[in-house]
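The structure under discussion appears below in the form of C-alpha cells.
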Amino acid sequence: MQWDVSKQVGKKIAIRTKAKLLCFDIERIKYILCDGHHCTVYLVDNSEHRVTRSLKYFEEKLEGMGFIRSNRYTLVNKRYIYDVHLSNDKKTLHVKITKSEPLPVSKRNVHLFKDV
C-alpha cells in the first residue's frame, strides 16, 4: 500500500451538504472521525466540519494519498502523526496527532503504523 503524502499538495476534496458545498485542501485534513452516517473532518486550524458521508466514502476518495485507517471510526493523515506508542496496559497502540490528541489503533491495523 502506498502512503505518499506528497500527492496531497494542491489537491482538494469537495463534499456537498444540504446547505452548501464544502471544499477542503487534502493536505490540511488531520483526521476524520466517524459517528454512524456522519463524519467530522478535523483540520490543522482546529476547525471541525460535520458532514453526512461515511468513512468508507472518505477512505475511497483519499486512497493512496497518505491516509491510514487506524480503527473502525478513524482515518488519519500520516503527515500529522506526532507519535505512535503502546499504552500502559500494553494492549493498545495510540497515535498522537498532536501532543494532546491520542487516537486508538485497532489490533488488526497495528501493522500499518510500524513503519510510520
Failed item, numbered, when ILE32 is tested on (1) closer than 17 Å to PRO102 by Cα; (2) at pLDDT below 90: (2)
Residues being over 16 Å from ILE68 (Cβ atoms), assigned to a strand (DSSP E or B) and hydroxyl-bearing (Ser, Thr, Tyr) - total across the stretch 2-41: 1
Qualifying residue in the stretch 79-92 (condition: at pLDDT 90 or above and out of contact with any His (no Cβ under 7 Å at 6 or more places or on another chain)): no
Count of the stretch 58-83 residues which are of a type in the set (Phe, Trp, Tyr) and loosely packed, with under 15 Cβ neighbours inside 10 Å: 1
Cross-chain or 6+ apart pairs with Cβ under 7 Å, the stretch 68-81 first and among the small types (Gly, Ala, Ser), then modelled with pLDDT of 85 or more and part of a strand (DSSP E or B): SER70/VAL76
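So, SER6, is that one of a type in the set (S, T, N, Q), out of contact with any His (no Cβ under 9 Å at 6 or more places or on another chain) and either modelled with pLDDT under 90 or loosely packed, with under 10 Cβ neighbours inside 10 Å (or both) or not? Spell out the reasoning first.
Values: of a type in the set (S, T, N, Q): yes; out of contact with any His (no Cβ under 9 Å at 6 or more places or on another chain): yes; either modelled with pLDDT under 90 or loosely packed, with under 10 Cβ neighbours inside 10 Å (or both): yes.
When the stated conditions are applied, SER6 passes them.
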Any hit, the stretch 42-58, residues being outside any helix (DSSP H, G or I), of a type in the set (Phe, Trp, Tyr) and closer than 25 Å to PRO102 by Cβ: yes
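The values are calculated or read from the model by the stated rules, or taken from the named source; none is laboratory data. Keep in mind it's a predicted model, so treat the numbers as computed, not measured. Every residue, glycine as well, gets a Cβ built from its backbone with ideal geometry; the counts of neighbours run over all protein chains shown.
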